[in-house]
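We did not get these values from a lab; they are worked out from the coordinates using the rules stated. Computed from a prediction, not measured in an experiment: that's the story for all the values here. Virtual Cβ from ideal backbone geometry, glycine too; neighbours counted across all protein chains shown.
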Amino acid sequence: MGRFRFSLETLLQIRASQESSAAQALAQANQEKSLCQSDLDRVMSDSRSLNDALSEGGIAASISIALRPGLRLNAERARVALTAKQVVVDQCLGEWQQAKLRLSLLEKLREARLKEYQRSERLAEERWLDERVIQSL
């Protein structure tokens, strides 16, 4: 009996590689987005600290008033960066989902062809056994 050979095996390996690369790109994009979120959280925390200092009055209040425009600018930059990273994450997610779908379709096709091959092998073996029995009679 022969050995099963999937004619699209090379394409299946390429699709698996593409899916893996897309998953890595998605993980990297999520990590970068997380860093941007951390930066924004830090800026917002600094802003809250300055607001607390402003409410206390005195020298701390005058320092917080001087630093406030810079913090607003930093917060806006952090928000813009976070929004841009979210766009990248969404794009990477879409690419990964497409790559995963293409891979799963090929895997299903391979499974169907393997079952078909196994069925045909069983039938061929049964025919061969039937012929042997008939010849021995």
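Exposure proxy for 128, 96: other Cβ atoms within 10 Å of each Cβ, ordered fewest to most, give 128, 96. Based on Cα contacts under 8 Å between residues 6+ apart, the chain shows a relative contact order of 40 percent.
Hey, what number do you get for the chain at 222 nm if only DSSP H runs of n ≥ 4 count, each worth -39500 (n - 2.57), divided across all residues, to the nearest 500?
Values: 2 runs with 127 residues, N = 137.
Computed mean residue ellipticity for the chain: -35000 deg cm²/dmol.
Charged neighbours of residue 23, selected by a Cβ distance under 12 Å, balance to -1 (K, R count +1; D, E count -1). Per-residue extension of 0.36 nm, minus the Cα-Cα distance of residue 23 and residue 120, leaves a gain of 31.2 nm for this segment. The slack in the chain from residue 35 to residue 133, taken as 0.36 nm per residue of separation less the alpha-carbon distance, amounts to 28.0 nm.
Given the chain reduced to its alpha-carbon atoms as identical point scatterers, what log10 I(q)/I(0) does the Debye formula return at q = 0.09, 0.19 Å⁻¹? Summing over Cα pairs of the chain leads to -0.57, -1.03.
Once the Cβ-Cβ distance of residue 13 and residue 42 is raised to the sixth power relative to R0 = 41 Å, the FRET efficiency obtained is 0.40.
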